[in-house]
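Data first, discussion second: the structure below is written as structure tokens.
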Amino acid sequence: MTPQIPTPSLGSSPVPASRRTGEARRRGDELLSIGAVLAFLRDDFPEVTISKIRFLEAEGLVEPQRTPSGYRKFSAADVERLAYVLRMQRDHYLPLRVIREHLDAIERGEQPPALPGAESRPGPLEEADRELAAAATAVGGVRLGRAELIAAAEAQERELVEWEAYGLVQPGPDGGYDGEALQIARLVAELGRFGLEPRHLRAMKAAAEREVALVEQVVAPLRRHRNPQTRAHAEATARELATLSVRLHAAMVQAGLRARS
């Protein structure tokens, strides 16, 4: 049976990390296992997983106690802090970097930055257009070393190793990374902050490869043409088809989510 703990006040400020352990001990709060925390949070956040909780811990957004044998033990304040992070992600689409700034401000006794209104959040199609524009500007002439890519994507070496193992990010023949690799790394890192791991993205990679094959069927004859203008038209056509493909994918995701709401 899941231990009963006070329902977190998700709209209020989380308890500062530096005070959580002491307050829990003074109140005699029952400490919860990660499985009990998962069961509690799933009432409001059905998408949360143990991997997600561990990821938020690795990012320093929650600091559970550890037993001598290494098991995590969470206080009610820890659960409230986790719920705050999840709520900010779900309702306000805030990246963890911004949520961390909110938490830091709260711990300093300051008012966190104002939250964006619902009307200011872009939809999937607008986000797709923004990402396409960012990718187009990132590609030209960019060449990054391994350490530079990790820093630009706000990632860690172990994450890049895993992305490469799943074929999501690949270096060029010279061992460097271009603007497209940087854009992919940033997007994969951002998805990771929502608990999506590289293994979850294999379907996206497979779908992208199928779309590449479809585009190639259209432009391959143009690329083989002797006329330089025709070959240039092939590249323009490939870019246009890629843009339409991404927009179609975003529109389908948006329609699917609306049908489930």
For segment 206-237, give me each residue that is open to solvent by less than 60 Å² (accessible area, probe 1.4 Å) and within 21 Å of residue 167 (Cβ to Cβ).
206, 207, 208, 213, 215
Among (1) farther than 20 Å from residue 197 by Cα; (2) surrounded by fewer than 18 Cβ atoms within 10 Å (Cβ to Cβ), residue 95 falls short only on (1)
Members of segment 193-212 found to be closer than 26 Å to residue 89 by Cβ and in contact with a helix residue (DSSP H, G or I) (Cβ under 7 Å, 6 or more places away or on another chain), listed by number
193, 194, 195, 197, 198, 201
Being at pLDDT 85 or above and either within 30 Å of residue 90 (Cα to Cα) or part of a helix (DSSP H, G or I) (or both) is the filter here; which residues of segment 213-228 pass it?
213, 214, 215, 216, 217, 218, 219, 220, 221, 222, 223
The listed residue being modelled with pLDDT of 90 or more, in a helix (DSSP H, G or I) and basic (Lys, Arg), out of 239, 210, 231, 247:
210
Consider only pairs whose beta carbons are under 8 Å apart and that are at least six residues apart or on different chains; among these, list those whose first residue lies in segment 235-254 and is closer than 14 Å to residue 212 by Cα and whose second residue is crowded, with 16+ Cβ neighbours inside 10 Å and of a type in the set (Val, Ile, Thr).
235/219; 237/219; 238/215; 238/219; 241/215; 241/219; 242/215; 245/215
Could you list, in sequence order, all residues of segment 64-120 that are without any contact (Cβ under 8 Å) to a residue 12 or more places away in the chain and either assigned to a helix (DSSP H, G or I) or closer than 14 Å to residue 34 by Cα (or both)?
66, 67, 70, 91, 104, 105, 118, 119, 120
Can you name the residue in segment 142-198 that is of a type in the set (Lys, Arg) and part of a helix (DSSP H, G or I) and is also surrounded by the most Cβ atoms within 10 Å (Cβ to Cβ) among such residues?
186
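The values are calculated or read from the model by the stated rules, or taken from the named source; none is laboratory data. Just so it is clear, the structure is predicted and the values come from calculations on it, not from any experiment. Because the Cβ atoms are built from the backbone with ideal geometry, glycine has one as well, and the counts that use them run over all protein chains shown. Surface areas here come from the heavy atoms of the whole protein model, side chains and all, with no ligands, DNA or RNA. Shrake-Rupley method; radii C 1.70, N 1.55, O 1.52, S 1.80 Å.
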